[in-house]
Every structure is written in structure tokens, then in C-alpha cells.
Amino acid sequence: MINYWIISVQLNEGKDSLFVQQERDELFLSANVRLAGLNKVAHIESEEMAEAFLAGCTPKLNKRYGNGYTAQVVECRGSDTRQLRDQIYRDSVIIRARLETGNFVSNRKVSDTSY
């Protein structure tokens, strides 16, 4: 088994485009600072990195949703497969670069994503 962390988001007001994900409690933060479903959720290698990423994203989330959301870091476990390890690595590289550059703008790619 392998541990990784995700950021779960709950919106107080429903958004039409996110309704199904919200109803299933499948709304998460992606490595690109967007709300996403299970297929785009950021898989983060450590709890500390996940907490730092959430803290960095909080001003952007506050601007988008005001007090109308809650977000929390959640620990997950999965089978130790190459696919999952690769996903954790890729997402963590992007997040690490966002943390280092302070770039939490969803439509601005980070420059150092060499993986």
C-alpha cells in the first residue's frame, strides 16, 4: 500500500457544472488549482506539501468562492502500482514548483515541471 494526500473541497452553494461531483462528495483540488473530479485530483506525496499547497491556494479559492467553501487535506491509501506512483510524482512536481514560485494561478503553467 502507498499513502498520498488529496485536498477535498465542499461548496456551500451548488454550481451547475459541478453538481454531480458535489453530490457524490467527489470534488477536489487539482495540481493546476482548479476544482476537479476523481480523474484530475492532485495526488500529493506528503501531508506537509498538501497543507502548504492548500495554504497557497486559499487566497485564490477565497476570491472565487468567498466563504462559500471548505477544503481539507485527506490521507488516502492505494495499491502500490507504477501508475499510482507516477501520478503522485507528476502532481507533486507541479505542486512543488507552484510552492517554490508562488504561482497559484490556474491558467498559468509553472515553468519547472521537468518530469
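Laboratory data are not the source of any read-out in this text; all were calculated from the coordinates shown. None of the values given here were measured: they were computed from a predicted structure. Cβ: placed from backbone, ideal geometry, glycine included. Neighbour counts: every protein chain shown.
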Per-residue ³J(HN,Hα) for the range 88-94, Karplus 6.51 cos²θ - 1.76 cosθ + 1.60, θ = phi - 60°, Hz, x for Gly and Pro: 4, 5, 4, 5, 5, 4, 4
Within the range 26-115, trypsin sites (Lys or Arg not before Pro) in DSSP loop having at most 16 other beta-carbon neighbours inside 10 Å: 34, 40, 108, 109
Karplus-derived HN-Hα couplings along the range 63-74 (A = 6.51, B = -1.76, C = 1.60, θ = phi - 60°), whole Hz, x at Gly and Pro: 5, 6, 10, x, 8, x, 8, 10, 9, 8, 7, 10
For residue 31, distant residues with modelled amide H under 5 Å away: 42
